[in-house]
Amino acid sequence: MHESEPSDDWKWQIANRITNRQQLEAYLELTADERAAFDGEIPLSFAVTPHYAALLKNDALRRTVIPTGHENNFGTGELADPLGEEEHRATPHLIHTYPDKVLFLATTFCSTYCRYCTRSRLVGKSAAGLQSLEESFHYLETHTEVRDVLLSGGDPLTMSDTVLDGILSRLRKIPHIRMVRIGSKVPVVLPMRITDELCDILRKHRVWLSLHFIHAAEISPETQAACRKLSDHGIGMVSQTVLLKGINDDTQTLVDLFYGLLEINVKPYYLLQCDPVRGSAHFRTPVEKGIQLIRSLHGNMCGLAVPQYVIDAPGGGGKVPILGAEQIRRDGDDVVFINYEGKEFRYPDPVA
Ligand SMILES: *Cc1c(COP(=O)(O)O)cnc(C)c1O
Ligand code: SF4
């Protein structure tokens, strides 16, 4: 029988996060570039759970969380807030970009920080107090056009059961809200957080999970068990994958990931073109590459396993599914396309 270890406890994992170079070197030998990045000023938050650190022998995963000098290079068109979220901030915790759906930024904390995070301007930085949530609930109660709430952050599943249950209970009391989702990477970076108690809370409030996966190497036995447990509790799950250069931008890597997700009852939902956040140039692929990849998946794998390839329109035009090359136009270093409102948006995609 498997003896319970302290590391099986999610609170232990958070308390023992790796937050500096010395702790990380207990897991891996760092490259000169990685060491130099730690010795300089790291612009983005850094932390990794011991669970995820043990997976970093995989080179693809390693690049998603370990700082390098590249994140200090700001490319043309890159922004601290690429999706124009600050302009759509309705309350300290709500981003209202689309007519009927709202993004609820419940925390700025993540157990592990991704180097390409769209919200790197916020995550791990300001401690957004929960005290002002009342204003956000009031906004949702009075904005009867809102039907869909996506709880995100930061990672909401790092909050305590009590806090999460409290927020979900309030949302479920609002009759016009029909859909409640939580965006999370917890089943990947902190799978021991998926306890029976948490599953009961998610089931009680009929929550869907939108999970963040990058690579099949993340589907560890612990992550498989966590997703199967969620599924056994009747929780619907979809995944979002950011397309990342040299990490998952080839057909075989995506096929392995998407079949791996179906096997744990997670439906691949979005393959996201990497947002032009500051210091992301080394992660971004040309849009043409994304189109070619998604084409190679259609017809060559189970249709359920194929996500929608989307560009989140810089400046806040919402997510635009890109089906083929006919839908985009090149204008110098920009890719130009039309969103659901018929408005034109530009994604900075420098011709190499
Ligand atoms: C992604 C996103 C949503 C949810 O969009 P779906 O396409 O319904 O998954 C809602 N609000 C904002 C601001 C978003 O970025
Ligand atoms: S888990 Fe999500 S919110 Fe947290 S750092 Fe990664 S991309 Fe950003």
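The values are calculated or read from the model by the stated rules, or taken from the named source; none is laboratory data. As the structure is a computational prediction, the values presented were derived from the model and not from experiment. With ideal geometry, Cβ positions are generated from the backbone for all residues, glycine too; neighbour counts draw on all protein chains shown.
Of all residues in segment 82-94, which are surrounded by fewer than 23 Cβ atoms within 10 Å (Cβ to Cβ) and either within 14 Å of ligand 1 (Cβ to nearest atom) or part of a helix (DSSP H, G or I) (or both)?
Correct list: Gly84, Glu85, Glu86, Glu87, His88, Arg89, Ala90, Thr91, Leu94.
Give just the number: which of (1) closer than 30 Å to Thr31 by Cα; (2) in a loop (DSSP other than H, G, I, E, B); (3) away from ligand 1 (no atom under 16 Å from the Cβ) does His70 not satisfy?
(2) is the only condition that His70 fails.
Is it the case, given these coordinates, that Asp333 is in contact with a strand residue (DSSP E or B) (Cβ under 9 Å, 6 or more places away or on another chain) and away from ligand 1 (no atom under 16 Å from the Cβ)?
yes
May I ask you to list the residues in segment 24-34 that are over 26 Å from Lys11 (Cα atoms) and surrounded by fewer than 15 Cβ atoms within 10 Å (Cβ to Cβ)?
Once the filter is applied, which keeps residues that are over 26 Å from Lys11 (Cα atoms) and surrounded by fewer than 15 Cβ atoms within 10 Å (Cβ to Cβ), segment 24-34 yields Glu29, Thr31, Ala32, Asp33.
Please enumerate the residues belonging to segment 95-107 that are within 16 Å of ligand 1 (Cβ to nearest atom) and either aromatic (Phe, Trp, Tyr) or not in a strand (DSSP E or B) (or both).
Correct list: His96, Thr97, Tyr98, Pro99, Asp100, Phe104, Ala106.
Hey, can you tell me all the residues within segment 337-352 that are in a strand (DSSP E or B) and either surrounded by 14 or more Cβ atoms within 10 Å (Cβ to Cβ) or modelled with pLDDT under 95 (or both)?
The answer is Phe337, Ile338, Phe345, Arg346, Tyr347, Pro348.
Consider only pairs whose beta carbons are under 7 Å apart and that are at least six residues apart or on different chains; among these, list those whose first residue lies in segment 148-159 and is under 20 Å from Cys199 (Cβ atoms) and more than 12 Å from ligand 2 (Cβ to nearest atom) and whose second residue is of a type in the set (S, T, N, Q) and part of a loop (DSSP other than H, G, I, E, B).
Close Cβ pairs satisfying both conditions: Met159/Thr107.
Which condition number in (1) out of contact with any Asp or Glu (no Cβ under 8 Å at 6 or more places or on another chain); (2) on the phi > 0 side of the Ramachandran plot is the one that Leu28 fails?
The number of the failed condition is (2).
Out of Arg329, Arg284, which single residue is within 16 Å of ligand 2 (Cβ to nearest atom) and not hydrophobic (A, V, I, L, M, F, W, C)?
Of Arg329, Arg284, the one residue that is within 16 Å of ligand 2 (Cβ to nearest atom) and not hydrophobic (A, V, I, L, M, F, W, C) is Arg284.
Restricting to segment 297-309, what's the tally of residues that are part of a helix (DSSP H, G or I) and either surrounded by fewer than 15 Cβ atoms within 10 Å (Cβ to Cβ) or modelled with pLDDT under 95 (or both)?
2
Could you pull out every one of the helices (runs of 4 or more DSSP H) wholly within segment 1-64 that has 1 or more residues that are closer than 19 Å to Ala226 by Cα, in contact (Cβ under 8 Å) with a residue 40 or more places away in the chain and within 24 Å of the chain's Cα centre (by Cα)?
Answer list for segment 1-64: 10-15, 50-53.
Among (1) on the phi < 0 side of the Ramachandran plot; (2) in contact (Cβ under 8 Å) with a residue 60 or more places away in the chain, where does Gly124 come up short?
Evaluating Gly124 over (1) on the phi < 0 side of the Ramachandran plot; (2) in contact (Cβ under 8 Å) with a residue 60 or more places away in the chain leaves (1) as the failure.
Taking segment 98-122 only, how many residues are in contact with a helix residue (DSSP H, G or I) (Cβ under 6 Å, 6 or more places away or on another chain) and aliphatic (A, V, I, L, M)?
1
Where in segment 160-239 are there helices (runs of 4 or more DSSP H), lying fully within it, with 3 or more residues that are surrounded by fewer than 22 Cβ atoms within 10 Å (Cβ to Cβ)?
Correct list: 161-172, 196-204, 221-232.
Out of all the residues in segment 308-328, which are of a type in the set (A, V, I, L, M) and farther than 15 Å from Lys289 by Cα?
Ala313, Val320
Looking only at segment 320-329, which residues are in a strand (DSSP E or B) and crowded, with 18+ Cβ neighbours inside 10 Å?
Scanning segment 320-329 gives a single hit, Val320.
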